[in-house]
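S.K.: I have a structure I would like to understand better, so I am pasting it below and will then ask my questions one at a time.
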Amino acid sequence: AQPVKFNSNNSCKVIEGEWADPYTGRNFTSAADIQIDHFVPLKNAYITGASRWSANLRCLYANYIHNDFHLLSVNGIENQRKSDRTPEGYMPPDRSFSCQYLKNWLEVKLIWKLVLTSSEAETVEKLARENHCTAGEIRTSLHELMEQRRQIFENKDFCTP
């Protein structure tokens, strides 16, 4: 791992580091090459349940850092390709990440109690079969689910002024 380097004028702007992009399977060292991806895009979250949340909870969702898959450092070009697409319209080019990608999608939806549309569910099931994902690769433990929901509850006022 390469230590993060900041802009020389003592600002908080990161210019270098090392980021492993699970979408491409590549490592990047220039901050200009990466973007932060909301795994389940903000638009999808809003459409599938977040529209009923308080502004504080929506803010927490947008900034959630209590697991390693909600916000990902990914190649900027790839993040733009993904945009606000669900697995129906986007899967990462690194196929070795496919099962983990599907698990993460389902897990974010479950943690945040977002609706999984019937077409999303059908697509996830189809992609899991096509990528030979096992139940163990997709399964989330009840303990992990409860821990994530505890983190949400404990940080519900994160965005309160």
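The values are calculated or read from the model by the stated rules, or taken from the named source; none is laboratory data. On a predicted model such as this, the values are computed, not experimentally measured, just so you know. So basically every Cβ, Gly included, is an ideal-geometry build from the backbone, and we count neighbours across all protein chains shown. Just the protein is used for accessible areas: all its heavy atoms, side chains included, with ligands, DNA and RNA removed. Shrake-Rupley method; radii C 1.70, N 1.55, O 1.52, S 1.80 Å.
S.K.: When residues of the range 48-80 are filtered for being open to solvent by 20 Å² or more (accessible area, probe 1.4 Å), closer than 20 Å to LYS103 by Cα and free of Cβ contacts under 8 Å to residues at least 40 places away in the same chain, how many remain?
M.R.: 4
S.K.: Quick one: which residue in LYS82, LYS113 is out of contact with any Lys or Arg (no Cβ under 8 Å at 6 or more places or on another chain) and farther than 21 Å from ARG26 by Cβ? Step through it out loud before you land on a result.
M.R.: Working: LYS82 fails: farther than 21 Å from ARG26 by Cβ.
Just one listed residue meets the conditions, LYS113.
S.K.: Which condition does ASN9 not pass, out of (1) open to solvent by 70 Å² or more (accessible area, probe 1.4 Å); (2) modelled with pLDDT under 95; (3) in contact with a strand residue (DSSP E or B) (Cβ under 8 Å, 6 or more places away or on another chain), if it passes all the others?
M.R.: Among (1) open to solvent by 70 Å² or more (accessible area, probe 1.4 Å); (2) modelled with pLDDT under 95; (3) in contact with a strand residue (DSSP E or B) (Cβ under 8 Å, 6 or more places away or on another chain), ASN9 violates only (3).
S.K.: On to the next question. Would you mind listing the helices (runs of 4 or more DSSP H) fully within the range 107-161 where at least 3 residues are in contact (Cβ under 8 Å) with a residue 60 or more places away in the chain and under 25 Å from TYR64 (Cα atoms)? Walk me through it before giving the result.
M.R.: Details: elements: 118-130, 135-138, 142-154.
Here the list reads 142-154.
S.K.: Identify the residue in the range 23-42 that is touching a Ser or Thr at 6+ places or on another chain (Cβ under 9 Å) and under 30 Å from PHE153 (Cβ atoms) and, among all such residues, is surrounded by the most Cβ atoms within 10 Å (Cβ to Cβ).
M.R.: Across the range 23-42, the extreme among qualifying residues is VAL40.
S.K.: Can you spot a residue in the range 120-129 that is under 15 Å from the mean Cα position of the chain (by Cα), within 29 Å of ARG81 (Cα to Cα) and not charged (D, E, K, R)?
M.R.: No, the range 120-129 contains no residue that is under 15 Å from the mean Cα position of the chain (by Cα), within 29 Å of ARG81 (Cα to Cα) and not charged (D, E, K, R).
S.K.: Considering only the range 81-99, state which residues are buried (at least 16 other Cβ atoms within 10 Å of the Cβ) and not in a loop (DSSP other than H, G, I, E, B).
M.R.: Correct list: LYS82, PHE97, SER98, CYS99.
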